[in-house]
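Nothing in this text is a laboratory measurement; each read-out follows from the coordinates by a stated rule. This one's a predicted model, so the numbers in the text were calculated from it and none came from an experiment. Backbone-built Cβ (ideal geometry, glycine too); neighbour counts: all protein chains shown.
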Amino acid sequence: MITLTTYKWVPDFAQPLMRAFRVRWALEEAGIPYAVRHVALGEEQHSPAHLARQPFGQAPAIEDNDLTLHESGAIALYIAEKSEALMPKDRIGRERATAWVFSALNSIEPFVQELGSIIFFHKDAAWAKERRPQVEHFVHLRFGQLANALCDKDHLEGRFTVGDLMMSDVLRIIDSTGIINEYPTLKAYKARCESRPAFQRAMQAQLEQFAAAA
Ligand SMILES: N[C@@H](CCC(=O)N[C@@H](CS)C(=O)NCC(=O)O)C(=O)O
């Protein structure tokens with residue numbers, strides 16, 4: 001059975017956003033049962049045992065028999081390989097879905113994450129107030145470009161794939177800014193992805209885990 005390593009507890013704002021969620025969601029979409037290992041932030045996070053699973057002392061990581069894997073993108077692609085629910089069978093469909101995973105993590109998440117970091121950790125710092133407009137400019141640029149690519153489609157490609165899972169999860173990071181409301185097609189796309197039963201099950205499991213730890 002796949003074991004997902006995640007944190008025992010994180011602050012309230014991070015509970016629905018933690019990247020372990022992507023893994024839970026992918027596993028739910030694929031219909032793969034999993035066990036969860038909880039690691040505590042701090043000493044245990046930087047222990048040799050955890051660094052062997054996640055070299056940067058972060059979460060998530062998974063273990064599946066003889067494989068240990070870190071990076072949410074690599075893990076999502078690994079799970080997607082196991083299920084057509086996430087990864088089309090045809091060559092072009094597979095390559096396109098994979099490209100969208102990289103787009104989410106490499107072209108969108110850096111800007112979204114920087115804005116998230118300002119909002120969640122440095123809102124009142126002088127440097128953050130100065131930097132924020134520049135970061136928001138890039139977020140708007142990327143959101144506009146993504147909305148153009150999505151156009152009037154329901155999903156980035158012809159159907160839901162691991163690329164949509166990753167993209168919609170990245171978009172969630174800055175939900176609290178309301179920026180997405182300026183992009184109605186993206187907003188509808190994110191809502192469409194989040195209405196999936198697998199998303200709901202994964203979110204419930206993630207939030208219940210933290211509630212139990214409180
Ligand atoms: N690139 C990594 C990022 C993982 C990451 O940033 N995890 C956060 C939790 S969502 C974390 O472990 N933060 C604590 C830390 O970096 O010390 C991935 O996508 O898996």
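Mind giving me the nanometre distance, one decimal, between the label points for Ser107 and Asn148, set 7 Å out from Cα along Cα→Cβ?
Output for this residue pair reads 1.1 nm.
Using R₀ = 22 Å, calculate the FRET efficiency as 1/(1 + (r/R₀)^6) where r is the Cβ-Cβ separation of Ser47 and Phe121; round to 0.05. Present the calculation step by step, with values, prior to reporting the outcome.
Working: r = 24 Å, r/R0 = 1.11.
Calculated transfer efficiency: 0.35.
Compute the FRET efficiency between Phe13 and Arg96 as 1/(1 + (r/R0)^6), taking r as their Cβ-Cβ distance and R0 = 35 Å, and round to the nearest 0.05.
Working: r = 33 Å, r/R0 = 0.95.
Computed FRET efficiency for Phe13 and Arg96: 0.55.
Which distance in Å, rounded to a whole number, links the C-alpha centroids of segment 54-72 and segment 134-157?
30
Under a crude label model (7 Å from the Cα following the beta-carbon direction), how far is Arg201 from Thr177 in nanometres?
Taking the simple label geometry, Arg201 and Thr177 are separated by 3.3 nm.
How far is it, in nm, from the label point at Glu63 to the one at Lys129 when both lie 7 Å from their Cα along the line to the Cβ?
Taking the two extended label points, one gets 4.9 nm.
Step through the residues of segment 46-60 one at a time and calculate ³J(HN,Hα) from phi using the Karplus curve (6.51 cos²θ - 1.76 cosθ + 1.60, θ = phi - 60°), rounding each to whole Hz and writing x for Gly and Pro.
9, 6, x, 5, 6, 5, 6, 8, 9, x, 9, x, 10, 9, x
Do you know the relative contact order of the chain, to the nearest whole percent, from alpha carbon pairs under 8 angstrom that are 6+ apart?
Values: 274 pairs, mean separation 56.2, N = 214.
Relative contact order here is 26 percent.
Would you mind checking which residues have amide H under 5 Å from Val39's amide H? H placed 1.01 Å from N; only 5 or more apart, or other chain.
Thr6, Tyr7, Lys8
How much net charge surrounds Cys193 when only other residues with a Cβ under 10 Å from its Cβ are counted (Lys, Arg +1; Asp, Glu -1)? Don't skip to the end; give the middle numbers.
Details: positive: Arg172, Lys190, Arg192, Arg196; negative: Asp154, Asp164, Asp169, Glu194.
Around Cys193, the charge tally is 0.
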